[in-house]
Amino acid sequence: MPSSTGTPVVKGNGAPVGGQAVSGAGVIRPGDRVFQLLSTASATLITVIIAAIGLFLLLQALPPLMRNEGGVWGFFTYTGQWQTANLDAMKFGIPNLFFSTVTISIIALIIAMPIALGIALFLSNYAPKKLVRPLGTLVDMLAAVPSIVYGLWGAQVLGPFLGKFYEWLHSWAGGFFLFAQYPNSPSFATGRNMLTGGIVLAIMILPVIAATAREVFVQTPPGQIESALALGATRWEVIRMTVIPFGMSGYIAGSMLGLGRALGETMALYMVVSPSPIFRASLFDGGSTFATHIANASAEFNNPTSAGAYIAAGLVLFVLTFVVNSIARAIVNK
């Protein structure tokens with residue numbers, strides 16, 4: 001029966017007295033049960049697939065690791081050239097691959113993060129409304145360009161274009177280890193070095209960071225912005241005190257997503273960076289990342305044991321990407 005205000009009186013089981021049943025506390029509708037089941041099954045399936053991939057990589061990597069000179073420890077310490085063709089004298093390790101991968105990815109982040117932050121702030125706070133959509137679409141289109149196109153452009157256009165700049169930089173900073181030129185390093189004329197690879201990679205991850213940060217910045221509560229303006233803050237002060245602090249977690253999350261792509265990029269770096277079996281910490285030197293090294297060795301995949309050595313490198317890349325994403329989630333949650 002209705003109350004004096006006309007609102008149905010609800011029993012403890014969620015149904016009104018003399019009225020139709022409604023969803024109350026402890027009552028789950030059939031549609032909710034179906035949605036919950038599908039959501040749980042999807043999450044479980046993704047977890048099982050990821051675990052299966054990790055298990056497959058581990059099982060394939062164990063036989064060559066047992067044959068490796070130095071065993072598992074040698075896999076993490078051997079810095080020489082990979083020798084996996086002779087199964088009786090296998091020598092391979094990941095330090096060179098690890099440092100080349102991290103160096104190129106850090107270069108890409110250093111270049112892409114501030115530019116992406118500027119793009120996101122401009123589109124969310126400064127750009128006229130008529131230009132926000134076309135400019136945002138233009139930035140997002142960078143993510144749709146195939147990586148092989150970036151590789152062709154980097155190898156044929158960007159590298160040779162930066163050659164004179166590299167020569168000038170080396171002329172006065174060549175004594176510093178980051179800008180050293182070794183006898184067998186790629187020439188400045190081609191520009192096929194880790195610095196060029198980092199620049200190309202920065203362009204590739206730029207839209208990921210910018211789009212993620214922009215979506216978070218536009219969600220800044222209008223009340224906070226209006227309060228800061230009412231107190232006499234300038235536009236930049238509003239951005240610095242309200243927009244950036246509010247969207248910092250999204251900015252970091254987007255950067256980590258970009259880093260995840262940078263760590264696993266293959267074709268662009270395969271074409272732009274000259275392969276090198278060793279890492280000498282020079283940005284003007286060539287290098288082999290996990291992904292490019294595996295791609296270069298595709299001829300050895302006919303032998304399961306030789307292929308397992310490269311699968312072991314893929315396992316390290318898999319774990320590295322997982323750790324990066326976990327750190328990003330921890331930062332966002334904090």
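Couple of notes before you dig in:
- Condition met for Phe217 (of a type in the set (A, V, I, L, M, F, W, C), under 30 Å from Phe176 (Cβ atoms) and surrounded by 16 or more Cβ atoms within 10 Å (Cβ to Cβ)): no
- Cβ-Cβ under 6 Å pairs, at least 6 apart or on other chains, the stretch 52-79 side under 13 Å from Ala312 (Cα atoms), far side of a type in the set (S, T, N, Q): Pro63/Thr305; Pro64/Thr305; Gly74/Asn68; Phe75/Asn68
- Taking the stretch 178-217 as the range and being under 21 Å from Phe99 (Cα atoms) and in a loop (DSSP other than H, G, I, E, B) as the test, the residues that pass are Ala180, Gln181, Tyr182, Pro183, Asn184, Ser185, Pro186, Gly191, Arg192, Asn193.
- In the stretch 245-334, counting only helices (runs of 4 or more DSSP H) that sit wholly within it, the ones holding 3 or more residues that are in contact (Cβ under 8 Å) with a residue 12 or more places away in the chain and of a type in the set (S, T, N, Q) span 304-333.
- Qualifying residues in the stretch 276-334 (those that are in contact with a Gly (Cβ under 9 Å, 6 or more places away or on another chain), of a type outside the set (Val, Ile, Thr) and at pLDDT below 85) - the one nearest to Arg67 (Cα to Cα): Pro277
- Lone unmet requirement of (1) in contact with a Gly (Cβ under 7 Å, 6 or more places away or on another chain); (2) not in a helix (DSSP H, G or I); (3) not aliphatic (A, V, I, L, M) for Gly175: (1)
- When Gly223, Gly232 are checked against the criterion of being in a loop (DSSP other than H, G, I, E, B), closer than 30 Å to Asn125 by Cβ and not aromatic (Phe, Trp, Tyr), a single residue qualifies: Gly232.
- Among the residues making up the stretch 77-95, those that are small (Gly, Ala, Ser) and within 12 Å of Pro277 (Cα to Cα) are Gly80, Gly93.
The values are calculated or read from the model by the stated rules, or taken from the named source; none is laboratory data. Everything quoted here is computed from the prediction, not taken from an experiment. All Cβ positions, glycine included, derive from the backbone under ideal geometry; neighbour counts span all protein chains shown.
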